[in-house]
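Visitor: Structure below; questions to follow.
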Amino acid sequence: MNIGRHLAAYALATAATLGASGASFAQSNPAYVRLGQVNAARFMPDAGPAPHIAILSAHRTGNTIGSSTCNELAARGFMAICFETRYRNDDIGVQWEKLPHDVKAVMDYARRQPGIRYVLLLGHSGGSPMMSLYQAIAEKGKSVCESRELFTTCAKEDYGTLAPADGMIYPDAHPGNPVQALRSLNPAITIENGKKTVDASLDMFSPANGYNPNGASNYSQDFIARYYRAQSAKMNELIQKVQATQARIAGGDYAYNDDDFIFLPGGNAVIVHAAPKLVPDMISTKKPAKLMRNDGSIATQIVTSAMVADEDEDLAGGARSFDGTAVHKLSTFMSSVAIRSRDSLHDIDYCSTINSTTCAVASISAPSVFMAMGGYKFIRDHEIMYERAASRDKDFVVIEGALHGYDPCKRCETTPGQYANSTKNTFDYIRDWANARFK
């Protein structure tokens, strides 16, 4: 049960679907190491010069060791370290403030490797808020995660000395798990005392509101605006419920003296998946940006995702099922889900949570590259991150026709093979960006 099932499926399957790079010195024998609570695998090129750059990659709960990310990086001459955090396969248990400890363990290991002069952090998907939080603390100190305005802080954590990365790579980063949760909430559903009610006026899966299970839905702009405001209202309601229950626990007036579960109505209730072309504020840039075309050339233009609508006749059923419901502990809800907003697309307080790429980049001065996948939904989010980033050396590019896991969006193609080079282009761009800066 996961509020980001659609996204998580891509995130965990990234490498399994990635194509071969065609480079001549791919990794064939990774070294597996245990670093405290972290499992890691070090990938090295089989041939060519010894690497002087290490790139670290991880997802907050997923298995990047089994992905192709590190193979792709090693094939381009880097030492690549893919690792699993202490929360592998445990979305329910994630306490976000603990994750910098895990990144630190791998960073310190990488810094000790012979010949390594530069270490870069790669934050893809759920790895992006984790890597950016680490780097923000490493550069600015714990003040970035101790504000009273935050739902949870890192005040109780002793990180010791966090060595900052030399650069940051964000291939299809997302703005943070709370934003993902917010945009996945189903505001039409309320469950109380074992009874479910559906507000027909907010039901995105109702044909009366424009839903089409066999293609792009056709919601009115009024419905979309009301839906985004209702998602924020639902999140605010859940936050108040959790805080009230935690107060009862603290006062000894509750069934348990430590924690409890909370259930979030989800089922991939995301407008952009049903009607991407109706949400240009999510899938298009506001300003001209770099587009890496399938042939490897770069154009500068307003970029719009090639994303097409999901087609799933049982999507509505899943949204109303227990299996489509996300489960969190009260404590982890506040750490990994809670965020303030008044509109789930246009009015979000990104810095009300420490689980926020969009907030953390404002405290990061290291060279940074933001790479949106041009067949998915994070294009505008990347542009916002790029605009907010404190780095003077920052870059933003969209990879034409790429899905969240870098592979080509074949359903988006108008001609076969139109986006066939999306994986190669993603990692070639990373190679060229890193080698140009860290010589």
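The values are calculated or read from the model by the stated rules, or taken from the named source; none is laboratory data. A quick note: this is a predicted structure, and the numbers were derived from the prediction, not measured. Here Cβ is always computed from backbone atoms with ideal geometry, including for glycine, and neighbour counts include all displayed protein chains. Protein only, heavy atoms only, side chains kept; ligands, DNA and RNA dropped before computing areas. Shrake-Rupley method; radii C 1.70, N 1.55, O 1.52, S 1.80 Å.
Visitor: In Å², what does the accessible area per residue of the chain work out to with a 1.4 Å probe?
Guide: 39 Å²
Visitor: Specify the residue with the greatest mean-square fluctuation among ASP323, ASP253, ASP393, computed from a Gaussian network of the chain linking alpha-carbon atoms under 10 Å apart.
Guide: ASP253
Visitor: Starting from the Cα gyration tensor of the range 70-176, take the square roots of the eigenvalues, sort them a ≥ b ≥ c, and report rounded, prolate or oblate (rounded when a/c is under 1.5, otherwise prolate if a/b is larger than b/c, else oblate). Don't skip to the end; give the middle numbers.
Guide: Numbers: a/c = 1.87, a/b = 1.48, b/c = 1.27.
Note, shape of the range 70-176 comes out prolate.
Visitor: In the Gaussian network model of the chain, springs joining C-alpha atoms below 10 Å, which of PRO175, PRO30, PRO416 carries the largest mean-square fluctuation?
Guide: Maximum among the listed residues: PRO416.
Visitor: Filter LYS287/LYS424; LYS377/LYS439; LYS104/LYS156 down to the pairs with a C-alpha to C-alpha distance above 22 Å, please.
Guide: LYS287/LYS424; LYS377/LYS439
Visitor: To the nearest 0.05, what FRET efficiency results for ALA436 and LEU35 with a Förster distance of 30 Å applied to their C-beta separation?
Guide: Values: r = 30 Å, r/R0 = 1.01.
My answer for the efficiency is 0.50.
Visitor: Taking Cα centroids, how far is the range 157-210 from the range 233-263 in Å?
Guide: Taking the Cα centre of the range 233-263 as reference, the centre of the range 157-210 is 19 Å away.
Visitor: Using label points projected 7 Å from each Cα along Cα→Cβ, tell me how many nm separate PHE263 and ALA155, to one decimal.
Guide: 3.4 nm
Visitor: Another question about this same structure. For a protection proxy built on the mean count of beta-carbon atoms within 10 angstrom, sort 92-98, 382-388, 167-173 highest first, please.
Guide: Top to bottom by mean Cβ count within 10 Å: 167-173, 382-388, 92-98.
Visitor: Among the aspartates and glutamates, select those whose C-alpha is under 15 Å from the C-alpha of LYS286, and discard any that sit fewer than 8 residues away in the same chain.
Guide: Cross-link targets: ASP381, GLU383, GLU387.
Visitor: In cubic angstrom, how much convex hull volume per residue do the alpha carbon atoms of the chain span?
Guide: 135 Å³
Visitor: Quick one: if you take sqrt(5λ) for each eigenvalue of the C-alpha gyration tensor of the range 114-187, what semi-axes come out, biggest first, whole angstrom? Show your work: numbers first, answer last.
Guide: Numbers: eigenvalues 125, 75, 12 Å².
After diagonalising the Cα gyration tensor, the semi-axes are 25, 19, 8 Å.
Visitor: State the answer as a single residue: which of ALA208, LEU56, GLY405 lies farthest towards the positive end of the charge dipole of the chain, with beta carbon charges of +1 for Lys and Arg and -1 for Asp and Glu, about the Cα centre.
Guide: Ranked along the dipole, the leading option is LEU56.
Visitor: Given N residues in the range 316-439, what is its alpha carbon radius of gyration divided by 2.2 N^0.38 Å?
Guide: On the way: Rg = 17.9 Å, N = 124, 2.2 N^0.38 = 13.7 Å.
Ratio of Cα Rg to 2.2 N^0.38 Å: 1.30.
Visitor: Pull out a ≥ b ≥ c, the square roots of the eigenvalues of the alpha-carbon gyration tensor of the range 206-296, then state rounded if a/c is under 1.5, prolate if not and a/b is larger than b/c, and oblate in the remaining case.
Guide: Cα axes put the range 206-296 in the prolate bin.
Visitor: Considering only C-alpha atoms, what is the centroid distance from the range 41-65 to the range 361-410, in Å?
Guide: With the range 41-65 and the range 361-410 each reduced to a Cα centre, they are spaced 21 Å.
Visitor: With a point put 7 Å past each Cα toward its Cβ, work out how far ARG411 is from ASP343 in nm, to one decimal.
Guide: Those two pseudo-labels are separated by 2.8 nm.
Visitor: How much of the accessible area of the chain, in percent, comes from carbon and sulfur atoms when a 1.4 Å probe is used?
Guide: On the chain, the fraction of accessible area on carbon and sulfur atoms equals 49 percent.
Visitor: Then there is this: Springs between alpha-carbon pairs under 10 angstrom, Gaussian network model over the chain: which of ILE224, ILE339, ILE283 fluctuates most?
Guide: Sorting by GNM fluctuation, first place goes to ILE224.
Visitor: Take every DSSP beta bridge with both residues inside the chain and express the antiparallel ones as a percent of the total, to the nearest 5.
Guide: Of the beta bridges lying entirely in the chain, close to 50 percent run antiparallel.
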